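A quick write-up on the structure given underneath.
The values are calculated or read from the model by the stated rules, or taken from the named source; none is laboratory data. What you are looking at is a predicted structure, and each value in this text was computed from that prediction instead of being measured. Cβ sites come from the backbone with ideal geometry, for glycine too, and all protein chains shown count toward neighbours.
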Amino acid sequence: MSSSMPIYVYETLEEPHRQFEVKQGMNEPALTKDPETGQPVRRVISGGYGILQKGESQGSRSGGGGCGHGCGCHS
């Protein structure tokens, strides 16, 4: 079974601002430049989904990170 790589969101620091996603390994350094334009970028920190344990699905979580139906944000 192949392991999936996280997807990171980056945004350019100069006008015109642009956001883009990049699949990177967790041990790879963050990008410093937009691969298309060469503009300086920063990685956008988002909430994400947390880490799922083997055999667990998001909807089966009883609390903690992510927006599974056990997160408390759904009525």
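Annotations
- Residue selected from the range 11-26 under the condition surrounded by 10 or more Cβ atoms within 10 Å (Cβ to Cβ) and of a type in the set (Asp, Glu), by the criterion farthest from the chain's Cα centre (by Cα): GLU14
- Taking every residue in the range 23-42 that is within 13 Å of PRO6 (Cα to Cα) and pairing it with any residue that is modelled with pLDDT under 95 and aromatic (Phe, Trp, Tyr), at least 6 positions away or on another chain, the pairs with Cβ-Cβ distances below 6 Å are GLN24/TYR8.
- Index of the failed condition, PRO29 passing every other in (1) surrounded by fewer than 13 Cβ atoms within 10 Å (Cβ to Cβ); (2) modelled with pLDDT under 85: (2)
- Taking the criterion of being assigned to a strand (DSSP E or B) and polar (S, T, N, Q), the residues of the range 12-49 that qualify are THR12, GLN19.
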